[in-house]
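Please read through the structure below; I'll follow up with questions.
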Amino acid sequence: MQANRLPDMLAEHGLIARHLLADTSALAEREQLPLVSLLIRQGNIDTHKLAQLIAQAFCCPLFDVRSLHPDFLPEFKPWMHRCRALPIAQTGQVVHLAIADPACLGTLTEQGIFPKQILQPLIVDGRELERILNHLGTRHTPALPGISADSAAQELTVLMTDSAEDDTAHSADIHETANEAPVVRFVNQLLLDAVNLRASDIHIEPYEMSCRIRFRIDGILRENSRTAARLAARLSARLKVMASLDINERRRPQDGRIRLKLADGRNIDLRISTLPTLWGEKLVLRVLDSSGTVMPMNALGFSPAQLQIYLNALGRRQGMILVTGPTGSGKTVTLYSGLGHLNAVERNISTAEDPVEINLEGINQVAVNRRSGLDFASALRAFLRQDPDVVMLGEIRDHETADIAVKAAQTGHLVLSTLHTNSAVETINRLLNMGIEAYNLAGALTLIISQRLARRLCVYCREQVCSAQIPADDKFTQQLPEKVWVARACSHCNDGYRGRLALVELLPVTADLAEKIATGADVREIEAIARQAGASSLLDNALTLLARGETSLDELRRVLS
């Protein structure tokens, strides 16, 4: 049997129904997970029979991982959880690895964990392997589900710099400072926990009797811990030192940056902002994975039709593509994916960003610095003197920037940018209100994308219910599918959700639409023409995701109300 026949073999042996196979494969592709790993994670399959089938398909030995004596289990390493692999023996240069999914071997190779060894896979029951890895992680992680303070020395390097460039002369390994003071260890552990819990922001808030620390995970703020009020000033001072800020200045807001280097090679940027409040300085740290790879286009969450519209717009030599939505709606990720698609040696691509969130090789990225006079408008004017093919602006905020961008889009350049508007059609009004002439706007616009981020239902604990049980009291319940999924809660998620997905509305500017814009048609008329041309709304996209079980009705109400 061949490994590439594994999906068919799963259906032939009755491990998964054929009518569910295509949906499961599509979900695995959307979540960027191997099919086998997704099946194990969902927990709806006999993992022992699955292991037997994989061993047969891949011609690998089948091993009972339960036979391992606890005393002979290896010391826990973070890569074991990340790669879902357990080394159980080594003979010379050969390392015997217990794995449930052969795709894990590719992850181990990519990350260079065993650079000089030969890997011999042993196929094991996925559920049993998960149990052992969780046991090892718990045994070595007594505090939060991140990494303990004792292992912080091996997991994190703090790079304290005065500029955006790395300065190895100012690098400090936590191993050297782990015993310097309890507050140092506390801050190190706090940052590690935030990274491991996938937090996008850290809030440190001083009050009269305590200091509250919250993480924003999947768009929702959650309390992580509370400390004594007297520690707030010490936490603030430590973080300001790490960000090269003035620790004596407590009366004015300050902004800075901290760089972390993890053991797996990732660079994490923390943008820190301080704000004087009644009981001390409130600190907010934005967590940015600056070494992360650009999300592939097919992982954005667009439908095939929406993705093709975006690709067609990116394929034009000139025009303007705008991504709109509130703060934190994933606009930058959508733009970065587009830039990754365009990034080629024959194109000159320049970006002006505030801040530069992901470093892209082959693209000229400029960090806006208003103090020195380098704003979006001045950066764009400079770009146009540098023979650009593609220009990306982090945001259009004023008439000057909008005017230059529109004219650039009409003179042989592809311009990408963002705006803060509530819908795609309102973007046209916003630009007109900024003072852009209607005929110039009609000739420049190519595509408007409006999006939101909704929490994704946890595949372990979501539950399907009949929609007839839900009172039809709003715009959502009037168009519900026959059955919908609801959030529960389990140890794998936060209140029934894990991760986020995009709700997307695309408005391609056709010739008819451009004519209406040029003649000053109002928003409702433009929207009616777009719907007649087949453009779907945010609500349509949301209801599609609801029918597929990717999010819940309550989440859609929260995001789109």
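Among all residue pairs at least 6 apart or on different chains, which show Cβ distances below 7 Å where the first residue, located in the range 491-505, is closer than 20 Å to residue 306 by Cβ and touching a residue at least 12 places away in the same chain (Cβ under 8 Å) and the second is open to solvent by 20 Å² or more (accessible area, probe 1.4 Å) and assigned to a strand (DSSP E or B)?
Listed by first residue and then by second, the contacts come to 499/456; 500/453; 500/455; 500/456; 501/456; 502/453; 503/452.
Applying the selection to the range 311-332, what residues are crowded, with 18+ Cβ neighbours inside 10 Å and of a type in the set (D, E, K, R)?
Listed by number, the list holds a single entry, 331.
Quick one: what pairs do we get from the range 99-111, first residue more than 19 Å from residue 64 (Cα to Cα), second at pLDDT below 80 and of a type in the set (A, V, I, L, M), C-beta under 6 Å, 6+ apart or different chains?
If the second residue must be at pLDDT below 80 and of a type in the set (A, V, I, L, M), no pairs are left.
Ok, one more. Would you please name the residue that is nearest to residue 285 (Cα to Cα), looking only at residues in the range 193-213 that are open to solvent by 50 Å² or more (accessible area, probe 1.4 Å) and over 19 Å from the mean Cα position of the chain (by Cα)?
207
In the list 379, 409, which residue meets the criterion of being farther than 23 Å from residue 357 by Cβ and crowded, with 22+ Cβ neighbours inside 10 Å?
409
Rundown of residues vs (1) touching a helix residue (DSSP H, G or I) at 6+ places or on another chain (Cβ under 6 Å); (2) modelled with pLDDT of 90 or more, yes/no style:
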| residue | (1), (2) |
| --- | --- |
| 249 | no, no |
| 275 | no, yes |
| 280 | yes, yes |
| 290 | no, no |
| 308 | no, yes |
| 315 | no, yes |
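Is one or more of the residues making up the range 372-387 farther than 22 Å from residue 514 by Cα, in contact (Cβ under 8 Å) with a residue 24 or more places away in the chain, touching a His at 6+ places or on another chain (Cβ under 8 Å) and not basic (Lys, Arg)?
Yes: the range 372-387 contains one or more residues that are farther than 22 Å from residue 514 by Cα, in contact (Cβ under 8 Å) with a residue 24 or more places away in the chain, touching a His at 6+ places or on another chain (Cβ under 8 Å) and not basic (Lys, Arg).
Check 361, 357 and return the single one that is crowded, with 18+ Cβ neighbours inside 10 Å, modelled with pLDDT under 90 and either of a type outside the set (Val, Ile, Thr) or within 19 Å of residue 446 (Cα to Cα) (or both). Working first, answer last.
On the way: 361 fails: crowded, with 18+ Cβ neighbours inside 10 Å.
Residue meeting the stated conditions: 357.
Between 460, 439, which is at pLDDT below 95, part of a loop (DSSP other than H, G, I, E, B), of a type in the set (Ser, Thr, Tyr) and open to solvent by 20 Å² or more (accessible area, probe 1.4 Å)?
460
Restricting the first residue to the range 535-561 and requiring it to be free of Cβ contacts under 8 Å to residues at least 12 places away in the same chain, which pairs with a second residue that is aliphatic (A, V, I, L, M) and assigned to a loop (DSSP other than H, G, I, E, B) meet a Cβ separation below 8 Å and a spacing of at least six or different chains?
Close Cβ pairs (under 8 Å, with a partner that is aliphatic (A, V, I, L, M) and assigned to a loop (DSSP other than H, G, I, E, B)) do not exist here.
What's the number of the condition residue 80 fails, among (1) among the aliphatic types (A, V, I, L, M); (2) at pLDDT below 85; (3) open to solvent by 40 Å² or more (accessible area, probe 1.4 Å); (4) closer than 18 Å to residue 128 by Cβ?
That leaves (3) as the condition not met.
Something else: Taking the range 473-489 on its own, how many of its residues are assigned to a loop (DSSP other than H, G, I, E, B) and at pLDDT 75 or above?
6
Going residue by residue through the range 31-50, is there one that turns out to be open to solvent by 50 Å² or more (accessible area, probe 1.4 Å), at pLDDT 80 or above and assigned to a helix (DSSP H, G or I)?
Within the range 31-50, one or more residues are open to solvent by 50 Å² or more (accessible area, probe 1.4 Å), at pLDDT 80 or above and assigned to a helix (DSSP H, G or I).
Check whether at least one residue in the range 15-26 is hydroxyl-bearing (Ser, Thr, Tyr), open to solvent by 40 Å² or more (accessible area, probe 1.4 Å), farther than 17 Å from residue 121 by Cβ and at pLDDT 75 or above, and report yes or no. Walk me through how you get there before you give the answer.
In the first step, residues of the range 15-26 are kept if they are hydroxyl-bearing (Ser, Thr, Tyr); the result is 24-25.
Going one step further and asking which of them are open to solvent by 40 Å² or more (accessible area, probe 1.4 Å), we end up with 25.
With farther than 17 Å from residue 121 by Cβ added as a condition, the list becomes 25.
Cutting the leftovers down to at pLDDT 75 or above gives us 25.
The answer is yes; a qualifying residue exists.
Now for a separate question. Just to be sure, is residue 544 at pLDDT 85 or above and in a loop (DSSP other than H, G, I, E, B)?
So residue 544 does not fit the description; no.
Quick one: would you say residue 419 is within 29 Å of the chain's Cα centre (by Cα) and either of a type in the set (Ser, Thr, Tyr) or more than 20 Å from residue 383 (Cβ to Cβ) (or both)?
no
Restricting to the range 223-259, count the residues that are part of a strand (DSSP E or B), open to solvent by 50 Å² or more (accessible area, probe 1.4 Å) and in contact (Cβ under 8 Å) with a residue 40 or more places away in the chain.
Count: 0.
Table: residues versus (1) open to solvent by 50 Å² or more (accessible area, probe 1.4 Å); (2) touching a Pro at 6+ places or on another chain (Cβ under 8 Å); (3) small (Gly, Ala, Ser); (4) modelled with pLDDT of 90 or more.
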{"position": "501", "(1), (2), (3), (4)": "no, no, no, no"}
{"position": "507", "(1), (2), (3), (4)": "no, no, no, yes"}
{"position": "514", "(1), (2), (3), (4)": "no, no, yes, yes"}
{"position": "526", "(1), (2), (3), (4)": "no, no, no, no"}
{"position": "538", "(1), (2), (3), (4)": "no, no, no, no"}
{"position": "549", "(1), (2), (3), (4)": "no, no, yes, no"}
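The values are calculated or read from the model by the stated rules, or taken from the named source; none is laboratory data. This one's a predicted model, so the numbers in the text were calculated from it and none came from an experiment. A quick note on method: Cβ atoms are made from the backbone with ideal geometry, for glycine too, and the neighbour counts reach across all protein chains shown. Areas reflect the complete protein model, heavy atoms only, side chains present, ligands, DNA and RNA absent. Shrake-Rupley method; radii C 1.70, N 1.55, O 1.52, S 1.80 Å.
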